[in-house]
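The values are calculated or read from the model by the stated rules, or taken from the named source; none is laboratory data. Every value quoted in this text rests on a predicted model; they were computed, and no experiment measured them. Here the Cβ is made from the backbone with ideal geometry for all residues, glycine too, and neighbour counts use every protein chain on show. The accessibility values were calculated without ligands, DNA or RNA, using every heavy atom of the protein model including side chains. Shrake-Rupley method; radii C 1.70, N 1.55, O 1.52, S 1.80 Å.
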Amino acid sequence: DVAERFYKVIAQHFEETKNFDQAERYWIRSGEPQGAVEMYSRHNKWDKAHKVASTYMAEDKVRQLYVSQAQKLEVAGRLKEAEKLYLMVSEPDLAINMYKKNRHYDNMIRLVAQHRKDLLAETHLHLAQQLESENKFKEAERHYVEAQDWKSAVNMHRAHDNWDDAIRVAKSHGGVNASKTVAYAWAVSLGGEAGAKLLTKFGLIEQAIDYATETQAFDQAFQLARTSMKVKLPEVHLKHAMFLEDEGRFKEAEGEFINAKKPKEAIEMYLHQADWGNALRIAENYDPSSRSDILIAKAKSSVEKKDLQSAE
């Protein structure tokens, strides 16, 4: 015991004179290799500390020592050194969590990519959502994109009225059609003339009108056509009429067929319903040449029903 105490004193003397190799020898001879590990740790000689620890200490003791040292470094703000210690004892999750707590997200992602690659996309997504909740939209966007979820970045920008950014992300990652969809949504949010002007700016009036009719947003389609592309109005009336016909709203559909200058289509609609009176009325008012076709169709229908008297 006396010798061991004497060896400790010698080891401390060699440490003070920075003769670390000799100090290490005497720490080991004193039966306290942990003293050498702590000495090397104090002087940031982590590789030498690890070599001694791995050689002379049990694995769980090495882990406890290094995690404890790393936590001290973390509190002191020496995160890079703390990371090195965590990794030396195969504790990447502790290093990842350290960077997360300290909001060093790039370092956090770097370690996830190296040590937990299967969680990389999920980590980017969680980060993006956290940054979005903190209104850090540019950073959130980057992590959404890295998570292969650019649509969430677009929706984030839309939700916060950052429409230029929404269009930029959509175009960059989803192509021209994706950016057109976002531009249309922006126009709808503006409404009326402002929306039409925006779509004109993007050269998208015709596409916007088509998109509106395809999604049965007929009020918007009419508004855009009247404001910016009157030549499309008959087409919008026609598509609206066909929609109303499918809905069984025949009287409204008739009006729209007439507005589209398509009386024949209105007549056809009534013929399908065997509504001879309305078919004849439209023919007399808008397309007299169809009258004979209607009467023939009515006669054929009567024959099919074996109503010969009516056919005569």
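Numbers for the structure displayed
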| item | result |
| --- | --- |
| Residue-averaged 222 nm ellipticity for the chain, from DSSP H runs of 4+ at -39500 (n - 2.57), nearest 500 | -24500 deg cm²/dmol |
| Relative contact order [Cα under 8 Å, 6+ residues apart], the range 187-240, whole percent | 32 |
| Carbon + sulfur, % of accessible area of the range 5-160 - ligands and nucleic acids excluded, 1.4 Å | 47 |
| Helix 2-16 axis, angle to the chain major axis (alpha carbon atoms, nearest 10°) | 60 |
| ³J(HN,Hα), Karplus 6.51/-1.76/1.60, whole Hz, each residue of the range 142-151, x for Gly, Pro | 4, 6, 4, 5, 5, 7, 6, 10, 5, 5 |
| Dipole magnitude of the range 29-146 about its Cα centre (Cβ charges: Lys, Arg +1; Asp, Glu -1), debye to nearest 20 | 520 |
| Length-normalised contact order for the chain - Cα pairs under 8 Å, 6+ apart - percent | 5 |
| Between helix 233-246 and the chain: long-axis angle, C-alpha atoms, 0 to 90°, nearest 10 | 90 |
| Relative contact order (percent, whole number), the range 147-230, Cα cutoff 8 Å, 6+ residue spacing | 19 |
| Helix axis angle, 218-228 relative to the chain longest principal axis, alpha carbon, degrees | 90 |
| Size of electric dipole in the chain: Cβ of Lys, Arg +1 and of Asp, Glu -1, about Cα centre, debye, nearest 20 | 980 |
| Average accessible surface area per residue within the chain, 1.4 Å rolling probe, Å² | 57 |
| Environment charge of residue 234, counting only residues whose C-beta is closer than 11 Å and scoring Lys/Arg +1, Asp/Glu -1 | +3 |
| Within the range 210-312: Cβ-based charge dipole about Cα centre, in debye rounded to nearest 20 (Lys, Arg +1; Asp, Glu -1) | 260 |
| Positive dipole terminus of the chain, leading residue within 50, 135, 160 (C-beta point charges) | 50 |
